[in-house]
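Colleague: Have a look at this one before I ask anything.
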Amino acid sequence: MRLCYLADPTSSHTVKWLAYFLQRGDEVHLLGWSQPVHPALNGVRYHHLPDVLTPPFVAPVRSLLWRLGWWPVAQWRQMQRLLAEIQPDIFDILMLNASELPAALAWRRPLVITPWGSDLLVYPAHYSPATRWFLRRALRRADRILCNSAALADASIALGARPGCVRRVGQIVDLVHFRPMTASSLFRRQLGIDDGPVLLSPRNLQPLYCIDVLVRAMPGILARYPSAKLLLLGKTELCPEYVTHIRQEIERLGVQHAVRYAGWFTNDVMPQVYALADVVLSVPNSDSRPSSVFEAMACGVPVVVSDLSAVREIVTDGETGLVAPVGDPNATAEAVLRLLDDATLRRRVTTQALEFVRLEGDYHTQMAKVAAYYAELIAERKSPACVESVA
């Protein structure tokens with residue numbers, strides 16, 4: 001197959017998705033705004049959009065088009081020409097933000113949209129009426145929409161997708177890479193972590209992920225486990241204002257000694273990071289089926305998650321993890337303490353969570369399903385209508 005993707009070349013999701021088809025021997029094209037750097041993408045045919053979409057518009061013309069609101073029209077036309085040159089069997093947009101709408105409307109041949117969560121669950125509420133109209137057009141045009149949760153599938157239909165075009169795909173985790181392992185004492189020392197319980201937050205330092213809730217949960221945890229540490233991952237430059245707010249909360253609560261900023265780690269290193277943790281925390285106020293939760297479960301670490309419909313598809317309270325109400329630091333602290341106090345509970349949830357991930361999240365099984373959806377669509381390409389059954 002000749003596949004073309006519009007995606008963030010630096011995202012671990014993009015790397016995992018495209019690497020599968022490269023390894024199969026498919027011809028893979030990637031359209032992006034930043035250069036791919038991961039070695040798994042070495043075989044991709046990359047098209048750098050700032051270069052290929054700029055001609056023939058010089059900078060002053062682009063600026064004028066942007067001020068007049070015409071730049072998306074120009075981008076739509078340029079994207080048409082680029083895709084006509086590539087002639088992909090499948091054009092798949094991985095995460096449909098507003099900036100990707102011209103591309104979604106530019107290609108009438110087999111079009112796949114693969115939303116990742118916030119692009120349909122959060123951002124549309126803040127779009128202008130015009131942008132929402134274009135989003136509806138794009139979703140309506142798509143031949144397949146691949147969703148990793150029922151909540152995301154429902155959102156895509158509510159926003160305009162044809163129900164018969166929606167397909168379900170599980171989360172993808174490389175179970176050879178993400179597996180239970182013993183924590184490295186050297187790695188622990190490098191991060192300045194002593195022998196107390198480690199609570200890991202693998203989500204980005206952004207308001208959506210409610211990192212401040214975890215900080216406010218720490219006093220209750222420290223009252224019983226004074227040596228506990230909260231390890232925060234993520235890039236501080238993504239949302240400096242929110243990082244400042246987190247730091248202010250840490251100082252206000254006097255928990256500076258118990259919080260560590262570990263920075264950002266590549267996917268290759270993350271299994272070692274999970275191995276350090278006694279509990280992994282993921283408490284956003286909106287989510288689909290987060291990879292980080294699947295990865296933690298695959299590494300044999302118990303999870304505490306926020307009570308969201310999509311997350312409850314993978315975490316059953318007391319069976320594959322513990323669930324706390326959204327935005328409730330006290331309930332979050334209580335859930336953490338239950339896991340730290342009860343070894344039997346920890347063993348039960350980690351064992352059952354690992355079984356669930358092997359069933360629902362195996363990388364090769366789920367990507368084979370995606371490949372089958374692509375093949376199905378190529379076989380139907382002469383038919384304008386999608387089949388009405390939802391897998």
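A short reminder: the numbers here are calculations on the coordinates, not readings from a lab. On a predicted model such as this, the values are computed, not experimentally measured, just so you know. Cβ: placed from backbone, ideal geometry, glycine included. Neighbour counts: every protein chain shown.
Colleague: Using only the Cα atoms of the chain, each taken as one equal point scatterer with no solvent, compute I(q) by the Debye sum, divide by I(0), and report log10 of the ratio at q = 0.08, 0.10, 0.11 Å⁻¹.
Modeller: -0.45, -0.70, -0.84
Colleague: List 274, 20, 127 from most exposed to least, where exposure is judged by having the fewest other Cβ atoms within 10 Å.
Modeller: By the 10 Å Cβ count, ascending: 127, 20, 274.
Colleague: At residue 81 and residue 190, where each label point lies 7 Å from the Cα along Cα→Cβ, what is the point-to-point distance in nanometres?
Modeller: Label at residue 81, label at residue 190, 4.8 nm between them.
Colleague: Follow-up. What fraction of the DSSP beta bridges in region 171-327 is antiparallel, stated in percent and rounded to the nearest 5?
Modeller: The antiparallel proportion sits near 0 percent.
Colleague: Assign unit charges at the C-beta atoms only (+1 for Lys and Arg, -1 for Asp and Glu), then state the dipole size of region 185-360 relative to its Cα centre in Debye, rounded to the nearest 20.
Modeller: Charge dipole of region 185-360: 360 debye, to the nearest 20.
Colleague: Further question: Using 0.36 nm per residue of separation minus the Cα-Cα distance, give me the extension gain between residue 10 and residue 345 in nm, one decimal.
Modeller: Fully extending the segment from residue 10 to residue 345 adds 116.9 nm.
Colleague: Apply the a/c threshold of 1.5 to the C-alpha gyration tensor of region 185-360 and tell me whether it is rounded, prolate or oblate.
Modeller: rounded
Colleague: While we're on this one: In which sequence would 107, 76, 116, 133 go, from the one with the fewest C-beta neighbours within 10 Å to the one with the most?
Modeller: In increasing order of surrounding Cβ atoms, one gets 133, 76, 107, 116.
Colleague: If you take the charge dipole of the chain about its Cα centre, with +1 on Lys and Arg Cβ and -1 on Asp and Glu Cβ, which of 332, 86, 271 is farthest toward its positive end?
Modeller: 86
Colleague: Rank these for me by crowding, 154, 92, going from fewest to most other beta carbons within 10 Å.
Modeller: 154, 92
Colleague: Compute the helix-to-body angle for 129-141: its Cα long axis versus the longest principal axis of the chain, expressed 0 to 90° and rounded to tens.
Modeller: 80 degrees
Colleague: Subtracting the Cα-Cα distance from 0.36 nm times the residue separation, let me have the gained length for residue 108 to residue 266 in nm, one decimal.
Modeller: My answer for the length gained is 53.3 nm.
Colleague: Continuing with this model, one more query. Between the helical axis of 329-341 and the dominant principal axis of the chain, each derived from Cα atoms, what acute angle in degrees is found, rounded to the nearest 10?
Modeller: Its long axis makes an angle of about 60 degrees.
Colleague: On to the next question. Say the dipole of region 185-360 comes from +1 at the beta carbon of Lys and Arg and -1 at that of Asp and Glu; which of 222, 234, 283 then lies farthest toward its positive end?
Modeller: 222
Colleague: Using the crude model of +1 on Lys and Arg Cβ and -1 on Asp and Glu Cβ, and no other charge, please compute the dipole size for region 231-300 relative to its Cα centre, in debye to 20.
Modeller: Its charge dipole is roughly 80 debye.
Colleague: For the chain, what is the calculated [θ] at 222 nm in deg cm²/dmol (nearest 500), taking -39500 (n - 2.57) for each run of four or more DSSP H residues and dividing by its residue count?
Modeller: Theoretical 222 nm ellipticity from helices: -13500 deg cm²/dmol.
Colleague: Next up: Near residue 340, within a Cβ-to-Cβ distance under 10 Å, what is the net charge of the other residues, with Lys and Arg +1 and Asp and Glu -1?
Modeller: 0
Colleague: Determine the dipole magnitude for the chain: charges of +1 sit on the beta-carbon of Lys and Arg, -1 on that of Asp and Glu, nothing else is charged, the reference point is the Cα centre, and the result goes in debye to the nearest 20.
Modeller: The calculation lands at about 980 debye.
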